[in-house]
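The values are calculated or read from the model by the stated rules, or taken from the named source; none is laboratory data. If you're wondering where the values come from, they're calculated on a predicted model, not measured in any experiment. Methodologically, a virtual Cβ is constructed for each residue, glycine included, from the backbone with ideal geometry; neighbour enumeration extends over all protein chains shown.
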Amino acid sequence: MTPATGLTAPLSETDTRDALDRFYRDGCVVVPGVLSADECAALRQLTDEIAPQSPSFVIRNPEERDIAFTRLFIREPIYSLVQRILGSACRFCGQNVIRNVPGQAISHWHVDDILEYPLPPDVPRWDARVRLPIIWLSVQVALSDIISLDDGPTEIVPGSHFSGRLSPAENPVFEGRGAEPVFCRAGDIYLFNHQIWHRGRPNTGQRTRYLMQLQYARGDNVAWRCQGAARTPALEHVLAGADPRLLQVMFGPPQYR
């Protein structure tokens with residue numbers, strides 16, 4: 001069950017190290033109970049209100065709708081975990097809410113954007129002792145329980161970010177490990193390396209699945225993902241009077257080094 005209050009502080013150093021070790025090893029790690037049940041309910045309601053205006057079940061740019069979406073970018077322990085991976089200057093690079101009713105999913109196996117670290121055919125994988133640079137990442141925030149295969153969980157092939165290859169179209173396996181579902185309760189988060197082979201399993205149950213994506217990029221990189229949020233009138237209105245740290249995450253310029 002999601003805690004009544006959720007989490008609002010960084011994890012202990014031991015828990016942080018354990019989470020990051022698993023993230024780097026498997027490409028994904030669940031951190032339970034970050035948002036409270038009330039927070040999840042409020043965000044689902046906001047999502048339901050804006051969903052009719054979206055052309056698809058992936059609702060783009062919710063940060064322009066309500067600060068309840070946007071302030072999650074500096075919510076602990078999310079923010080401090082991301083800073084440990086991307087650096088203290090990490091920046092907003094996108095936000096979505098996936099609201100898929102039964103029968104909807106992004107069900108093809110893929111990596112996001114492009115394959116960033118390809119290998120030639122005669123090199124079987126990247127050395128697991130190497131932490132490949134991460135330019136950007138997603139923090140997935142479960143706003144509803146995703147606790148069975150019928151709920152349409154994200155499926156990943158653990159460790160496949162070391163493969164240096166795109167995912168096979170069907171039944172992907174990397175070093176003996178096949179697809180594994182990411183089960184979580186409303187309020188749980190999972191840090192997610194977008195280079196692992198993954199998909200959304202089809203939602204075959206009776207419930208709508210709500211999953212928010214907070215996307216952060218390194219603040220010291222010139223890639224397009226690292227330019228921060230566009231200063232649209234809608235977003236400027238939402239962020240009027242916001243915490244200065246949030247303004248820095250959303251709009252701060254890249255730091256070139």
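Some values worked out for this structure:
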| read-out | value |
| --- | --- |
| Checklist (1) of a type outside the set (S, T, Y); (2) in contact with a strand residue (DSSP E or B) (Cβ under 9 Å, 6 or more places away or on another chain); (3) farther than 30 Å from S163 by Cβ; (4) modelled with pLDDT of 95 or more applied to D66, failing item | (2) |
| Identity of the residue in the range 40-62, farther than 16 Å from V238 by Cα and in contact with a helix residue (DSSP H, G or I) (Cβ under 7 Å, 6 or more places away or on another chain), that ends up surrounded by the fewest Cβ atoms within 10 Å (Cβ to Cβ) | A42 |
| Selection within the range 8-29 - surrounded by fewer than 17 Cβ atoms within 10 Å (Cβ to Cβ) and farther than 12 Å from N193 by Cβ | T8, A9, P10, S12, E13, T14, D15, T16, R17, D18, D21 |
| Close pairs (9 angstrom Cβ cut-off, 6 or more residues apart or separate chains): over 25 Å from G33 (Cα atoms) in the range 127-155, at pLDDT 95 or above and small (G, A, S) anywhere | A128/G159 |
| Failed criterion for P244 (all others in (1) buried (at least 19 other Cβ atoms within 10 Å of the Cβ); (2) over 25 Å from N100 (Cα atoms) hold) | (1) |
| Residue count for the range 111-124, restricted to those that are in contact (Cβ under 8 Å) with a residue 12 or more places away in the chain and on the phi < 0 side of the Ramachandran plot | 8 |
| Elements of type strands (runs of 3 or more DSSP E) in the range 7-107, at least 1 residues being within 16 Å of Y210 (Cα to Cα) and out of contact with any Phe, Trp or Tyr (no Cβ under 9 Å at 6 or more places or on another chain) | 58-60, 91-100 |
| Test: residue in the range 52-62 that is in contact with a strand residue (DSSP E or B) (Cβ under 8 Å, 6 or more places away or on another chain), of a type outside the set (A, V, I, L, M) and within 14 Å of V141 (Cα to Cα) | yes |
| Residues of the range 66-98 satisfying the condition of being farther than 12 Å from T8 by Cα, of a type in the set (D, E, K, R) and in contact with a Ser or Thr (Cβ under 9 Å, 6 or more places away or on another chain) | R84 |
| Test: L115 is touching a Leu at 6+ places or on another chain (Cβ under 6 Å) and in a loop (DSSP other than H, G, I, E, B) | yes |
| Residues (at pLDDT 95 or above and out of contact with any strand residue (DSSP E or B) (no Cβ under 8 Å at 6 or more places or on another chain)) located in the range 82-115 | Q83, R84, L115 |
| For T204: the one exception among (1) assigned to a helix (DSSP H, G or I); (2) of a type outside the set (A, V, I, L, M, F, W, C); (3) touching a residue at least 24 places away in the same chain (Cβ under 8 Å) | (1) |
| Filtered residue count, the range 170-182, keeping only those that are in contact (Cβ under 8 Å) with a residue 24 or more places away in the chain and more than 19 Å from Y117 (Cα to Cα) | 5 |
| Residues of the range 156-192 that turn out to be within 23 Å of G33 (Cα to Cα), out of contact with any helix residue (DSSP H, G or I) (no Cβ under 7 Å at 6 or more places or on another chain) and part of a loop (DSSP other than H, G, I, E, B), as a count | 4 |
